[in-house]
Amino acid sequence: MGTFQLASCYALSSFSASFNNNIKYITTNNSHKTFKTSKIRAVGTVTGGESQGIEAEEPPAVAFAFVSSVLLPDGTPDVHFRKACGGQKLRNIMLDSNIDLYGPYARPLLNCAGGGTCATCMVEIIQGEELLNPRTDKEKEKLTKKKRKNWRLACQTTVGKPDSTGLVVVQQLPEWKGHEWNYERVSPSDLKSELELEFGSESS
């Protein structure tokens, strides 16, 4: 059992010494785009010769760290970092981000596709529960007393609002987890400046 530490509520940029350089990312290859060249005609000048560029602000987003139920070959946690706008169901965020949600129940007819009746989309919220809506009646029915209080149904869990920011750490497939790890909670106010260092200006 090891210690898993996120160095930023937003940037999610570092682990404890034993897990350095063991972050696994999922990337997709962007298709090549071809642009046609054309002549450019000047239509005016800026006074003083200084350009006045306007930088578009990146919309607010919630940062996520998804911890797989399966360890990497070297025995360290397999963590995937993502960003998403708030106000969405956690189920949609995970599926849109190619994060394993259903495990052995991923095939059609083995889950209710977000209806809240099968309880196969259970996740464990390690940090960020304050950003989530309270448990719904369906969750109270499906998540019995044997389940931990921080377990949720992803299809019933709404993450914040469209203008929300923060960090949510999610243990995937908690019932299928075959290992234990410690997590050191961090203060969002102390680490906000690292957001750009980890994610840059691109969305995940």
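L71 passes every criterion in (1) at pLDDT below 95; (2) in contact with a Lys or Arg (Cβ under 7 Å, 6 or more places away or on another chain); (3) of a type outside the set (S, T, N, Q) apart from (2). Counting the residues of segment 119-167 that are part of a helix (DSSP H, G or I) and either among the small types (G, A, S) or touching an Asp or Glu at 6+ places or on another chain (Cβ under 7 Å) (or both) gives 2.
Residues of segment 105-118 that are in a loop (DSSP other than H, G, I, E, B) and more than 12 Å from R152 (Cα to Cα): A106, R107, P108, L109, L110, N111, C112, A113, G114, G115, T117, C118.
I'm trying to understand the selection: among the residues of segment 55-79, which are within 22 Å of A154 (Cβ to Cβ) and among the hydroxyl-bearing types (S, T, Y)? Correct list: S68, S69.
Okay, residues lined up against (1) over 13 Å from the mean Cα position of the chain (by Cα); (2) modelled with pLDDT of 90 or more; (3) in a loop (DSSP other than H, G, I, E, B); (4) within 27 Å of C121 (Cβ to Cβ):
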position: L12; (1), (2), (3), (4): no, no, yes, yes
position: N29; (1), (2), (3), (4): yes, no, yes, no
position: E55; (1), (2), (3), (4): yes, no, yes, no
position: R91; (1), (2), (3), (4): no, yes, no, yes
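The single residue among L143, L132, L167 that is under 19 Å from M94 (Cβ atoms) and either at pLDDT 95 or above or touching a helix residue (DSSP H, G or I) at 6+ places or on another chain (Cβ under 6 Å) (or both) turns out to be L132.
The values are calculated or read from the model by the stated rules, or taken from the named source; none is laboratory data. Predicted model, so just to flag it, every value in this text is computed and none were measured. Note: ideal-geometry Cβ built from the backbone for every residue, glycine included; neighbour counts use all protein chains shown.
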